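Contents: one structure, followed by commentary.
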Amino acid sequence: MTAARRRALAAAATVAAGLTLILATGCGGGEDAGDGPPPLAWTAPPQVFATKALPDDRVAVGSVRNTTDRPVELNATALRVVDADGKRLRSAGQYAAGFAHGLYGAFQKPDPIPPGELRRLGLLITVAPGQTAPIAISWSLPRGSDKRRPAAVDYGKGRLVLPTAVKAGIG
């Protein structure tokens, strides 16, 4: 991936995350990835965006609800977008409604990054029972792939189906 493509994808993700609205409640969309029902469900269908400059790339923003009776800990490093066949697509995401800049420079980050900083950036969250959290995720479709085929967000404890309808033309 070229530096220009990375910058454009990051810019698209930032713009889309900034567009996140408080979504209405009541929409499902979870898919079980193990025993019992999945712990998260969309509160409403997420908005999916594509840019003119990167027609194979997508950004989705939405809100999820904890459907269980216990807190759910979520780590953004577990976020993956998979295609209809379950194949992992190049993707990145966070549990944040907007962009937040890290406290550390690129070569000054502690290893590991402190939990407080991970939470501030939306990379590590705990969602209480019945509560909601924002989510923003970007992914790239393979060139020549059928863009109408469904994809899903695998968050490590379940899957959330992504809509195929796209709001095109940003950037």
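The values are calculated or read from the model by the stated rules, or taken from the named source; none is laboratory data. As the structure is a prediction and not an experimental result, all values here were calculated from the model. Don't worry about glycine lacking a Cβ; one is built from the backbone with ideal geometry, like all the others, and counts go over all protein chains shown.
As an exercise: evaluate Gly130 against (1) at pLDDT 90 or above; (2) in a loop (DSSP other than H, G, I, E, B); (3) surrounded by 14 or more Cβ atoms within 10 Å (Cβ to Cβ); (4) among the small types (Gly, Ala, Ser) and give the number of the one condition it does not meet.
Of the numbered conditions (1) at pLDDT 90 or above; (2) in a loop (DSSP other than H, G, I, E, B); (3) surrounded by 14 or more Cβ atoms within 10 Å (Cβ to Cβ); (4) among the small types (Gly, Ala, Ser), the odd one out for Gly130 is (3).
So in segment 85-115, with the set limited to residues that are surrounded by 12 or more Cβ atoms within 10 Å (Cβ to Cβ) and of a type in the set (Phe, Trp, Tyr), which one is modelled with the highest pLDDT?
In this case the residue turns out to be Tyr95.
Hey, Leu118 hits all of (1) under 15 Å from the mean Cα position of the chain (by Cα); (2) surrounded by 14 or more Cβ atoms within 10 Å (Cβ to Cβ); (3) at pLDDT below 95; (4) not in a loop (DSSP other than H, G, I, E, B) but one; which does it fall short on?
Status for Leu118: all satisfied but (1).
Looking at (1) over 26 Å from Pro38 (Cβ atoms); (2) over 14 Å from the mean Cα position of the chain (by Cα), can you tell me which one Phe99 breaks?
(2)
Here's the yes/no breakdown for (1) within 20 Å of Pro37 (Cβ to Cβ); (2) among the small types (Gly, Ala, Ser):
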position: Glu73; (1), (2): yes, no
position: Val82; (1), (2): yes, no
position: Arg120; (1), (2): no, no
position: Trp139; (1), (2): no, no
position: Arg149; (1), (2): no, no
position: Val153; (1), (2): yes, no
position: Gly156; (1), (2): yes, yes
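If Leu162 meets every condition in (1) out of contact with any Ser or Thr (no Cβ under 7 Å at 6 or more places or on another chain); (2) surrounded by fewer than 19 Cβ atoms within 10 Å (Cβ to Cβ); (3) within 21 Å of Pro46 (Cβ to Cβ); (4) aliphatic (A, V, I, L, M) apart from one, which number is that one?
(2)
Conditions tested, residue by residue: (1) buried (at least 16 other Cβ atoms within 10 Å of the Cβ); (2) at pLDDT below 95; (3) under 16 Å from the mean Cα position of the chain (by Cα).
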site: Ala3; (1), (2), (3): no, yes, no
site: Arg6; (1), (2), (3): no, yes, no
site: Ala12; (1), (2), (3): yes, yes, yes
site: Leu21; (1), (2), (3): no, yes, yes
site: Leu40; (1), (2), (3): yes, no, yes
site: Val48; (1), (2), (3): yes, yes, yes
site: Thr67; (1), (2), (3): yes, no, no
site: Pro71; (1), (2), (3): no, no, no
